[in-house]
């Protein structure tokens, strides 16, 4: 059976998008997704995203298989690519805004006139039991807590954006040996569901540089939920304003933590190519 796909990227975080509206079950398995994501023997991507029928009064359901076959709750760059993809599927009948059911709850992306996508990412979850992590009691926040990794003590702040994040602020983000220590954070015993880890250099209160090790994907060029979690951590630790540009290796995202406590992310979603796979 031939399956049509479209390749998108958001700041270099790239995905294979599949029209799965005829079924509520993904048309390929996690094992098949691993093969498709292989950059030498497959299409090459950080993950496969499926556009499924909506649930609970939503327009669509989005599911994702990472390049290692695991399934994350949500993906910030992925939801922007998803919005661009379903907008293309609908053509002239497309909406400006969609309600999308995800494992992290309902997310609302908006297609902007300039081609950017603005996403209402919802409320951050700040309690240790919500993240989850054992670095504090379940009903306490994790802000500037020491964590031993790779023979060093790191001060970390933890935030969930529907998926778990551990943020640590550093003097020089370019100097971090991400490939070496990223897996040690991800699989640390303090994080029972593993963790996404962001290393952040504050240039100004409204501008930070971030590198990320993503749970299930490794080093990626961008992470939308990680950028949102980074801003929250920056505000909680007194390092950032409530609106800031987060510069990732793939480019910038504009993140706002509103007075209503909701996170808004604005950034690009670009179509790369389309094809068919057997």
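The values are calculated or read from the model by the stated rules, or taken from the named source; none is laboratory data. Just so it is clear, the model here is predicted, and its values are computed rather than measured. Reconstructed Cβ throughout: ideal geometry from the backbone, glycine too, with neighbour counts over all protein chains shown.
The table below gives the values:
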| read-out | value |
| --- | --- |
| Residue 89 being in contact (Cβ under 8 Å) with a residue 40 or more places away in the chain, over 22 Å from residue 257 (Cα atoms) and either part of a loop (DSSP other than H, G, I, E, B) or touching a helix residue (DSSP H, G or I) at 6+ places or on another chain (Cβ under 8 Å) (or both) | no |
| Qualifying positions in the range 27-49 - assigned to a loop (DSSP other than H, G, I, E, B) and either in the same structural domain as residue 214 (by TED's automatic domain parsing) or touching a helix residue (DSSP H, G or I) at 6+ places or on another chain (Cβ under 8 Å) (or both) | 28, 41, 42, 43, 44, 45, 46 |
| The range 132-153, subset without any contact (Cβ under 8 Å) to a residue 40 or more places away in the chain and not in a strand (DSSP E or B), residue nearest to residue 195 (Cα to Cα) | 142 |
| Residue 74, sole failed condition from (1) on the phi < 0 side of the Ramachandran plot; (2) surrounded by 16 or more Cβ atoms within 10 Å (Cβ to Cβ); (3) at pLDDT 95 or above; (4) not in a strand (DSSP E or B) | (3) |
| Every residue from the range 148-166 that is farther than 17 Å from residue 230 by Cα and touching a strand residue (DSSP E or B) at 6+ places or on another chain (Cβ under 6 Å) | 153 |
| Test set (1) in contact (Cβ under 8 Å) with a residue 40 or more places away in the chain; (2) in contact with a helix residue (DSSP H, G or I) (Cβ under 9 Å, 6 or more places away or on another chain); (3) in a loop (DSSP other than H, G, I, E, B) - residue 9 fails condition number | (3) |
| Unmet criterion (only one of (1) farther than 18 Å from residue 224 by Cβ; (2) surrounded by fewer than 20 Cβ atoms within 10 Å (Cβ to Cβ); (3) out of contact with any helix residue (DSSP H, G or I) (no Cβ under 8 Å at 6 or more places or on another chain); (4) free of Cβ contacts under 8 Å to residues at least 40 places away in the same chain) for residue 94 | (3) |
